[in-house]
Ligand SMILES: [Zn+2]
């Protein structure tokens with residue numbers, strides 16, 4: 001397997017000569033050569049750069065790394081005409097063997113708990129025997145006083161470096177883009193990077209990162225070789241800052257911001273994509289010569305051109321040929337710094353595996369990676385890279401084979417049927433987080449839902465994927481042979497277009513429900529298309545839903561797909577609701593992604609309730625609670641893996657299901673609990689009026705912008721009712737601390753007694769609510785219900801804090817029964 005990065009032919013001189021430039025830059029800027037991509041990808045470990053290291057301590061925020069042993073240092077590979085002294089400044093890699101020690105002590109309580117989950121300890125204190133360092137900060141200068149150079153062959157240490165580098169590459173983790181960027185920048189500080197991969201005694205290889213370009217600079221992660229997974233053990237901002245404050249302006253550290261894309265994309269019947277993409281962007285920091293983009297490496301770039309017509313050098317990982325992922329960076333290098341302010345780049349690229357032919361007239365266009373987007377150079381391994389905090393204008397020209405139809409995000413502003421090509425042009429009505437498209441042999445069904453046109457593009461032929469789907473129990477389970485015929489017929493006619501009308505009606509219904517509950521739909525159309533997988537994805541004004549959602553109930557039965565509501569109503573409504581959760585309102589950081597997935601899951605349940613019956617809503621809620629309380633493969637209760645706020649970090653090698661279970665299910669519960677606290681049973685016309693007012697306020701306030709958990713909390717505080725003011729300070733900290741920033745599902749034991757009161761006709765209700773299974777500071781608000789005959793009313797709320805909440809009150813009547821939590825108002829277990 002090829003593991004090195006592909007070297008795009010040789011840098012500036014060649015490309016500038018090819019562009020007819022009369023001024024070769026080589027003589028003028030020798031550093032160009034010294035810091036070429038190749039030099040960074042394959043550092044040179046010289047005999048003279050081997051040293052013994054004694055008593056060195058590197059302080060990196062909450063971490064201390066000490067080193068005693070032998071070290072070999074790496075510098076940019078053999079430059080043509082490089083100069084010795086200058087090079088020494090550029091040492092950026094080291095391999096170490098000896099006795100090392102890592103101590104990492106996070107300050108934040110949640111980070112201590114995450115470290116306990118992964119390592120068993122609140123403070124990581126471990127020895128290591130080998131280390132590989134990559135850095136663009138002053139590590140080398142810090143180590144210098146502790147080094148005695150002993151020129152010798154660095155053989156083994158060089159091998160160690162290369163082995164570790166190869167293992168990173170297999171995870172799609174490449175530090176080269178960041179090293180090159182840091183070394184070529186006029187101001188290296190904003191890019192300062194320190195990576196230490198340490199072979200520890202207790203835990204094997206661990207990677208510590210301190211990255212100035214990341215709002216949460218400090219990170220410790222482990223790469224799991226067997227599962228190809230990366231587990232983030234801890235991640236937090238430097239200097240003890242609160243992670244809630246560092247993403248306030250999520251793009252603050254981006255040195256450039258994209259404003260507009262003009263894309264000209266052609267696809268052919270063999271699913272090859274060719275594109276010319278012009279990117280307009282603003283450079284916000286002077287002295288930047290390297291810009292990092294992300295692009296699917298299946299798309300091979302042939303040219304990157306500046307507005308003045310000059311070609312620029314660029315680097316991509318090897319073509320993965322479908323076999324492996326080596327990162328998705330696209331590194332663009334200029335011989336002179338990009339000017340601050342408006343810039344333009346034109347990218348030409350093509351590739352075969354970004355679109356897949358999945359049946360006759362049936363194509364799957366992946367939603368991500370088909371045009372260059374901002375990147376921090378850390379490929380899929382970046383938690384901080386967040387497309388959904390960005391909003392950009394798109395102008396997309398799409399050319400597909402003439403017999404097909406096409407649909408894309410934005411508004412269709414033009415269409416031309418040429419001889420063998422169907423050309424459409426799509427413009428974003430408002431800036432969007434992402435653009436996507438679909439094409440194929442479609443049946444199109446259009447319906448109006450209020451102001452919005454619902455357009456279903458359903459394939460006329462079934463996906464090939466259906467051939468490989470196992471049928472549950474085979475046809476043998478149909479005892480009567482006369483039943484088999486209809487089944488085969490039904491399965492043969494699994495072209496999604498049969499269900500197009502039903503899907504159009506349901507998506508229209510979903511959209512109108514969401515508009516009522518959450519606020520106006522942001523775009524003029526909503527297109528829906530089927531994809532050959534079991535998931536869906538919502539792009540602005542274009543949603544991709546699973547082919548399974550295009551099966552009728554008979555077909556779903558034949559495939560053993562039991563939960564029809566989850567596959568149809570809830571699923572489609574979930575995807576539809578991402579028009580609000582992700583697009584109408586984005587999210588600021590990975591911590592806040594529950595505002596998208598949790599809210600979407602809730603939206604799906606809400607639709608099931610209104611489309612079917614309230615029982616469906618409660619069934620889905622209870623199933624969600626059940627999921628949260630189940631144990632995963634390591635016998636950890638899903639809910640206990642971490643707080644909602646940990647976002648994607650909830651999934652790790654040991655706990656792969658953490659993210660989908662906690663973020664989707666608990667996220668939905670959080671919104672449900674807010675709904676129930678705001679629920680007004682007196683308002684018979686619309687008991688959800690207050691909840692809806694809050695959600696409308698949220699989508700209006702953050703319209704087409706990203707929001708954070710704290711932003712949402714502020715909106716909740718604006719709409720909270722007096723009974724929700726548990727701490728008497730007008731804040732909802734108690735709620736978010738318990739359910740979003742903390743973990744725990746409480747168990748409640750409720751005891752009460754009703755006896756005659758001091759006066760005739762009065763009754764004294766007294767009792768206690770016992771809380772267990774959560775930390776002692778866990779707070780919640782639990783409603784009491786009075787039952788009288790067949791009637792039940794919500795009578796009040798108990799402010800629960802600590803293990804016992806006693807209460808008593810005088811009543812003018814004697815209730816038949818008193819209970820708690822009848823509306824599943826709180827995520828809890830009632831004993
Ligand atoms: Zn979703």
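The ranking of 616, 455, 623 by Cβ neighbour count inside 10 Å, starting from the fewest, reads 623, 616, 455.
Cα convex hull of region 619-691: how many Å³ per residue? The partial results should precede the final answer.
Values: hull volume 6.3 nm³, N = 73.
Here the figure is 86 Å³ per residue.
The fewest-to-most ranking of 825, 270 by surrounding Cβ atoms within 10 Å reads 270, 825. A simple packing score, the average count of other Cβ atoms within 10 Å per residue, orders the peptides 129-137, 339-347, 690-698 as 129-137, 690-698, 339-347, with the highest score first. Judged by the mean number of other Cβ atoms found within 10 Å, the most tightly packed of the peptides 711-721, 638-648 leads the ranking 638-648, 711-721.
Gain in length, residue 187 to residue 350, computed as 0.36 nm per residue apart minus the alpha-carbon separation, to one decimal in nm? All intermediate terms of the calculation are to be shown ahead of the outcome.
Details: separation 163, 0.36 × 163 = 58.68 nm, distance 3.43 nm.
Length gained, residue 187 through residue 350: 55.2 nm.
Hydrodynamic estimate: the Kirkwood radius of region 252-303 over Cα pairs, inserted into Stokes-Einstein at 4 °C and 1.567 mPa s, corresponds to D of 97 µm²/s.
The alpha-carbon positions of region 349-428 define a convex hull whose volume is 123 Å³ per residue.
Here region 197-219 is scanned for amide nitrogen atoms under 19 Å from the site 7 Å beyond the Cα of residue 121 along Cα-to-Cβ, giving 197-209, 219.
Global dimensions of region 682-831 from alpha-carbon coordinates: Rg and Dmax equal 17.7, 60 Å.
Given a cut-off of under 8 Å on Cα pairs at least six residues apart, what relative contact order in percent is computed for the chain? Rounded, it is 8 percent for the chain. The residues 165, 831, when put in order of fewest to most other Cβ atoms within 10 Å, stand as 831, 165.
Can you give the direction-averaged projected area of the convex hull of the alpha-carbon atoms in region 692-734, in nm²? For region 692-734, the mean projected area of the Cα convex hull comes to 3.0 nm².
Helix content alone sets the calculated 222 nm mean residue ellipticity of the chain: runs of n ≥ 4 DSSP H residues at -39500 (n - 2.57) each, divided across all residues, give -7000 deg cm²/dmol. With the simple model of a label 7 Å out from the Cα in the direction of the Cβ, residue 768 to residue 415 spans 7.1 nm. Remark on region 278-372: ratio of C-alpha radius of gyration to 2.2 N^0.38 Å is 1.23.
Nearest 10 degrees is fine. How inclined is helix 689-701 to the longest principal axis of the chain, computing both from alpha carbons? Roughly 20 degrees, rounded to the nearest 10.
Principal axis extents of the Cα atoms in region 567-664, from largest to smallest and rounded to whole angstrom, are 38, 31, 18.
From the P(r) of region 645-734, can you give the percent of Cα pairs sitting at distances over 16 Å?
Above the 16 Å cut-off, region 645-734 has 63 percent of its Cα pairs.
Given that compact globular proteins tend to follow 2.2 N^0.38 Å, what is the ratio of the alpha-carbon Rg of the chain to that value?
Computed over Cα atoms of the chain, the ratio equals 1.05.
Evaluate 2.2 N^0.38 Å with N set to the residue count of region 328-470, then give the Cα radius of gyration divided by it.
In units of the 2.2 N^0.38 Å rule of thumb, it is 1.25.
The alpha carbons of region 384-441 occupy a box of 44, 20, 12 Å along the principal axes, longest dimension given first. Computed from Cα positions, the angle between helix 594-611 and the longest principal axis of the chain comes to roughly 30 degrees.
Restricting things to Cα coordinates, could you compute the convex hull volume per residue of region 118-203 in Å³? Measuring per residue, one finds 159 Å³ for the Cα hull of region 118-203.
Evaluate the relative contact order of region 562-668 (contact order divided by residue number), counting alpha-carbon pairs under 8 angstrom at least 6 apart; express in whole percent.
Working: 147 pairs, mean separation 31.4, N = 107.
Relative contact order comes out at 29 percent.
For region 182-308, the equivalent ellipsoid derived from the alpha-carbon gyration tensor has semi-axes of 33, 23, 14 Å in decreasing order.
In this structure, residue 270 and residue 443 have a Cβ-Cβ separation that, at R0 = 25 Å, corresponds to a calculated FRET efficiency of about 0.60.
Would you mind calculating the gained length between residue 47 and residue 342 on full extension (0.36 nm times residue separation, minus the Cα-Cα distance), in nm to one decimal? Before the final figure, lay out each step's value.
Details: separation 295, 0.36 × 295 = 106.20 nm, distance 4.60 nm.
So the extension gain works out to 101.6 nm.
Return one number: the angle in degrees, 0 to 90 and rounded to the nearest 10, between the long axis of the Cα atoms of helix 614-629 and the longest principal axis of the Cα atoms of the chain. Around 50 degrees separate the two axes. Rounded to the nearest 0.05, what FRET efficiency is calculated for residue 229 and residue 524 with R0 set to 51 Å and r the Cβ-Cβ distance? It comes out at approximately 0.80. Largest first, the extents of the alpha carbon coordinates of region 706-786 on the three principal axes equal 58, 29, 19 Å. Say R0 is 25 Å: what FRET efficiency, to the nearest 0.05, do residue 809 and residue 721 get from their beta-carbon distance? Once rounded, the FRET efficiency stands at 0.85. Averaging Cα coordinates gives a centre for region 168-205 and one for region 333-366; these two points are 26 Å apart. Fully extending the segment from residue 152 to residue 775 would add 218.5 nm, taking 0.36 nm per residue of separation and subtracting the current Cα-Cα distance.
Rule-based calculations on the coordinates, nothing more; no lab input. Bear in mind the structure is a predicted one, so any value in this text is a computation, not a measurement. Counting neighbours? That spans all protein chains shown, and the Cβs are built from the backbone with ideal geometry, glycine included.
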